[in-house]
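*Asks:* My questions all concern the structure below.
The values are calculated or read from the model by the stated rules, or taken from the named source; none is laboratory data. Computed from a predicted structure; not experimentally measured. Here Cβ is always computed from backbone atoms with ideal geometry, including for glycine, and neighbour counts include all displayed protein chains. Heads up: the accessible areas ignore ligands, DNA and RNA and are worked out on the full protein's heavy atoms, side chains in. Shrake-Rupley method; radii C 1.70, N 1.55, O 1.52, S 1.80 Å.
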Amino acid sequence: MSLNTQVNTDTGSLNQVDAIVVGAGFAGLYMLHRLRDQLGLKAEVFESADGVGGTWYWNRYPGARCDIPSHHYSYSFSEELQQEWTWSEKYAAQPEILSYLNYVANKFDLLRDIQFKTRVTAAVYDEASQCWDVETDTGRRVRAKYLVLAVGTLSSANIPQFKGHGSFKGKTYFTGHWPKDGVDFTGKRVGIIGTGATAMQAIPLIAEEAAHLTVFQRTPNYAAPLVNEPMNADIDRQVKANYREVRDAAWESFAGVPFDKLKPSALDDSQAQREAHYATCWNDGGFSLWIGSYGDILFNREANETAAEFVRAKIREKVRDPAVAELLCPPVGQAYGTKRQPCETGYYETFNRDNVTLADIKRAPIEEITATGLRTASAEYELDCLVYATGFDAFTGSMFKMDIRGRNGQSLQDRWSAGPRTYLGLATHGFPNMFMITGPQSPSVLFNMPLGIEQHCEWISDCIEHMNRNGLQTIEANTEYEDQWIAHVKEIADSTLLPKADSWYLGANIPGKPRVFLVYLGGGKQYKQICNEVVAKGYQGFTLTAGHAHNSARQKSDAALVD
Ligand code: NAP
């Protein structure tokens, strides 16, 4: 049994539940399962879409697929689920990942506690009740002891406001908000803005359909081949027979996906040895070159340049027109892999097609979106369709869309005005009982997301269980531990080359966003150890309270109800 009542407040009655979870992607689904089915709490999930999936619901653009092998890019919490689900490809495409998440939602009977088409507009901490009052755009008002933000790191689209924005009379599409019924580009003149991981997946497929495709590139990117293939039945059998070991190996690895060819330093090998090693990793595909080749390429400029030059040589091999190849090659000085390495399938070869043009908008920037297309500093482009593959306001974008207010009415946006302040990427001072899943300053996007999400959901539900069992009302991160954590995240990041790039890891893609490196780079294993030690030391760095006197009856009843 759990708490599920109506309470009266100054502003009328509102439903009370134990926990509210915002978002029904990988994170929200598992969080609900933990809270409801393992702790016996009344938990409610709010989701703005009309189905589960989060990022995999919205990003339906052509070519969308994961670039961590499907066996790894999946939940590990249920052996039964691991055994009964079979992936059809080494790297699953978006429709299959979305089917998987729907399957999970049905298997664990999650849908009945998810309110779809419901966007959380505000979440305000009420000091008197020591609970969160949550409001939605459908007029729901719900009070909860715990608030869990499972809103995803890459959910809020970055839509550049070029002059003339909105004036294009043709069709405009956003990759992060792709129409459910798909788009037929046959016979159309299409323009796509952006050459990040998303655009690199979409461009080859759009080019196959369109009459003409113009790619508007501001910054060239280093990509490696994905090397996708149909699922090999023997590999699938082997993984399923040894799934525990497969997951353990993932947790032993830096990014939650094991690579077995990592050597310490690119500078220890001769050029011939290095090129052979890079070629092996390149042919393995995915992130093998990026995080599985040499341990120093993301730390040492000279080592990095050897990998960068290897990729440039590959681009020159693949692209027939030398001028186009040069434009696609990131220049010396733009380090390899300091922006997230996209994985491609036929991307570079697409520029050999007669119906594809590469427009350099670094040299000749977009000046205006017009009724018939767009104008750059050097040319006018007539288009039927314009695709924005311009990325995300990562980490904080989705959180700031809600009016989240903690103690004393302070908004999250104000408290984080100089950049996110978290302890472990899980909590922030002044916002008691509010947890973030894969929040800023956790390993998040530089770790296998489903595994990282599971670790966070388990940490949060164990914490809630601990609180309820001990009759505690609030948990809140302490500022000095927050300071230490932020310094620790920065120190590790600064030992690498990553903060030197203008990437979304630092918020550098969003004008005016504070430039703070937002990913913990110590690796998932070390991070998990730290989180576990914090618990072992009695939630070191957090203040846990038994709550106000007038709440004590409820604390006792909470504890009794969940035990
Ligand atoms: P992104 O990496 O931020 O790329 C956005 C692109 O749009 C860049 O080429 C950027 O150019 C361009 N752009 C942005 N604003 C612009 C402006 N005002 N004018 C001109 N160009 C502009 O975004 P993304 O490609 O969506 O990828 C984001 C992340 O999502 C990836 O890094 C990855 O983590 C994730 N993702 C994962 C997968 C997967 O799992 N397979 C697939 C896709 C994406 P600049 O570089 O010059 O800023």
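*Asks:* From D384, D393, grab the single residue that is buried (at least 18 other Cβ atoms within 10 Å of the Cβ), closer than 20 Å to T175 by Cα, within 14 Å of the ligand (Cβ to nearest atom) and touching a residue at least 40 places away in the same chain (Cβ under 8 Å).
*Replies:* Of D384, D393, the one residue that is buried (at least 18 other Cβ atoms within 10 Å of the Cβ), closer than 20 Å to T175 by Cα, within 14 Å of the ligand (Cβ to nearest atom) and touching a residue at least 40 places away in the same chain (Cβ under 8 Å) is D393.
*Asks:* Could you tell me whether any residue of region 332-339 is among the small types (G, A, S), away from the ligand (no atom under 14 Å from the Cβ) and open to solvent by less than 10 Å² (accessible area, probe 1.4 Å)?
*Replies:* No, there is no match, as no residue in region 332-339 is among the small types (G, A, S), away from the ligand (no atom under 14 Å from the Cβ) and open to solvent by less than 10 Å² (accessible area, probe 1.4 Å).
*Asks:* Right, next: Would you be able to tell me the number of residues in region 340-366 that are assigned to a loop (DSSP other than H, G, I, E, B), within 14 Å of the ligand (Cβ to nearest atom) and open to solvent by 10 Å² or more (accessible area, probe 1.4 Å)?
*Replies:* 6
*Asks:* Further question: Mind listing just one residue for me: the one in region 503-525 that is closer than 15 Å to G397 by Cβ and not in a loop (DSSP other than H, G, I, E, B) and, of those, farthest from the chain's Cα centre (by Cα)?
*Replies:* Restricting to residues being closer than 15 Å to G397 by Cβ and not in a loop (DSSP other than H, G, I, E, B), the top hit is L506.
*Asks:* Within region 67-113, track down each residue that is of a type in the set (F, W, Y) and either away from the ligand (no atom under 14 Å from the Cβ) or on the phi > 0 side of the Ramachandran plot (or both).
*Replies:* Y75, F77, W85, W87, Y100, Y103, F108
*Asks:* Quick one: in region 223-282, which of the residues that are open to solvent by less than 30 Å² (accessible area, probe 1.4 Å) and in a loop (DSSP other than H, G, I, E, B) is farthest from T198 (Cα to Cα)?
*Replies:* D269
*Asks:* Of the residues in region 125-163, how many are of a type in the set (V, I, T), farther than 13 Å from D18 by Cβ and over 25 Å from the mean Cα position of the chain (by Cα)?
*Replies:* Qualifying residue count, region 125-163: 1.
*Asks:* Away from the ligand (no atom under 16 Å from the Cβ) and buried (at least 20 other Cβ atoms within 10 Å of the Cβ): is that true of A210 in this structure?
*Replies:* yes
*Asks:* For region 119-129, state whether one or more residues are open to solvent by less than 30 Å² (accessible area, probe 1.4 Å), among the β-branched types (V, I, T) and either modelled with pLDDT under 95 or in contact with a Leu (Cβ under 7 Å, 6 or more places away or on another chain) (or both).
*Replies:* Checked against the condition, which is being open to solvent by less than 30 Å² (accessible area, probe 1.4 Å), among the β-branched types (V, I, T) and either modelled with pLDDT under 95 or in contact with a Leu (Cβ under 7 Å, 6 or more places away or on another chain) (or both), region 119-129 yields no hits at all.
*Asks:* Next question, about the same structure. Run N478 past the list (1) exposed (fewer than 14 other Cβ atoms within 10 Å of the Cβ); (2) in contact with a strand residue (DSSP E or B) (Cβ under 8 Å, 6 or more places away or on another chain) and report the number of the one that doesn't hold.
*Replies:* Unmet for N478, out of (1) exposed (fewer than 14 other Cβ atoms within 10 Å of the Cβ); (2) in contact with a strand residue (DSSP E or B) (Cβ under 8 Å, 6 or more places away or on another chain): (1).
*Asks:* Still on this model: If you check P432, P440, which single one turns out to be open to solvent by less than 10 Å² (accessible area, probe 1.4 Å), closer than 21 Å to P511 by Cα and either of a type in the set (K, R) or not in a strand (DSSP E or B) (or both)?
*Replies:* Numbers: P432 fails: closer than 21 Å to P511 by Cα.
Testing whether each residue is open to solvent by less than 10 Å² (accessible area, probe 1.4 Å), closer than 21 Å to P511 by Cα and either of a type in the set (K, R) or not in a strand (DSSP E or B) (or both) leaves just P440.
*Asks:* Would you check if R375 is within 15 Å of the ligand (Cβ to nearest atom) and over 30 Å from the mean Cα position of the chain (by Cα)? Can you show your working first?
*Replies:* Details: within 15 Å of the ligand (Cβ to nearest atom): yes; over 30 Å from the mean Cα position of the chain (by Cα): yes.
Taking the combined requirement at face value, the residue satisfies it.
*Asks:* Check F216 against each of (1) in a strand (DSSP E or B); (2) open to solvent by 10 Å² or more (accessible area, probe 1.4 Å); (3) within 22 Å of R60 (Cα to Cα) and name the one condition it does not meet.
*Replies:* It is condition (2) that F216 fails.
*Asks:* Further, regarding this structure: Specify which of the listed residues (E482, E476) is in a helix (DSSP H, G or I), among the charged types (D, E, K, R) and over 21 Å from the mean Cα position of the chain (by Cα).
*Replies:* On the way: E476 fails: in a helix (DSSP H, G or I).
None of the others qualify; the one that does is E482.
*Asks:* Could you check P220 against (1) under 19 Å from G285 (Cα atoms); (2) within 11 Å of the ligand (Cβ to nearest atom) and say which number it fails?
*Replies:* (1)
*Asks:* Another question about this same structure. Counting only residues that are away from the ligand (no atom under 16 Å from the Cβ) and of a type in the set (S, T, Y), which one in region 396-420 is nearest to V489 (Cα to Cα)?
*Replies:* Applying the filter and picking the extreme gives S417.
*Asks:* Please state which of the following conditions Q161 fails to meet, knowing it meets all the rest: (1) away from the ligand (no atom under 12 Å from the Cβ); (2) open to solvent by 50 Å² or more (accessible area, probe 1.4 Å); (3) within 30 Å of I203 (Cα to Cα).
*Replies:* (1)
*Asks:* Would you confirm, using the coordinates I've provided, whether T172 is within 16 Å of the ligand (Cβ to nearest atom), open to solvent by 40 Å² or more (accessible area, probe 1.4 Å) and not hydrophobic (A, V, I, L, M, F, W, C)?
*Replies:* yes
*Asks:* Further question on the same structure: Out of all the residues in region 486-507, which are away from the ligand (no atom under 11 Å from the Cβ) and open to solvent by 30 Å² or more (accessible area, probe 1.4 Å)?
*Replies:* I486, A487, H488, K490, E491, I492, D494, S495, K500, listed by residue number.
*Asks:* Please go through region 56-68 and pick out each residue that is open to solvent by 30 Å² or more (accessible area, probe 1.4 Å) and part of a loop (DSSP other than H, G, I, E, B).
*Replies:* Within region 56-68, R60, P62 meet the criteria.
*Asks:* Among the residues of region 34-55 satisfying the criterion of being within 16 Å of the ligand (Cβ to nearest atom) and crowded, with 23+ Cβ neighbours inside 10 Å, which is nearest to A92 (Cα to Cα)?
*Replies:* Checked region 34-55; the qualifying residue nearest to A92 (Cα to Cα) is G53.
*Asks:* Kindly indicate whether any position in region 421-428 is within 16 Å of the ligand (Cβ to nearest atom) and in contact (Cβ under 8 Å) with a residue 12 or more places away in the chain.
*Replies:* Within region 421-428, none of the residues are within 16 Å of the ligand (Cβ to nearest atom) and in contact (Cβ under 8 Å) with a residue 12 or more places away in the chain.
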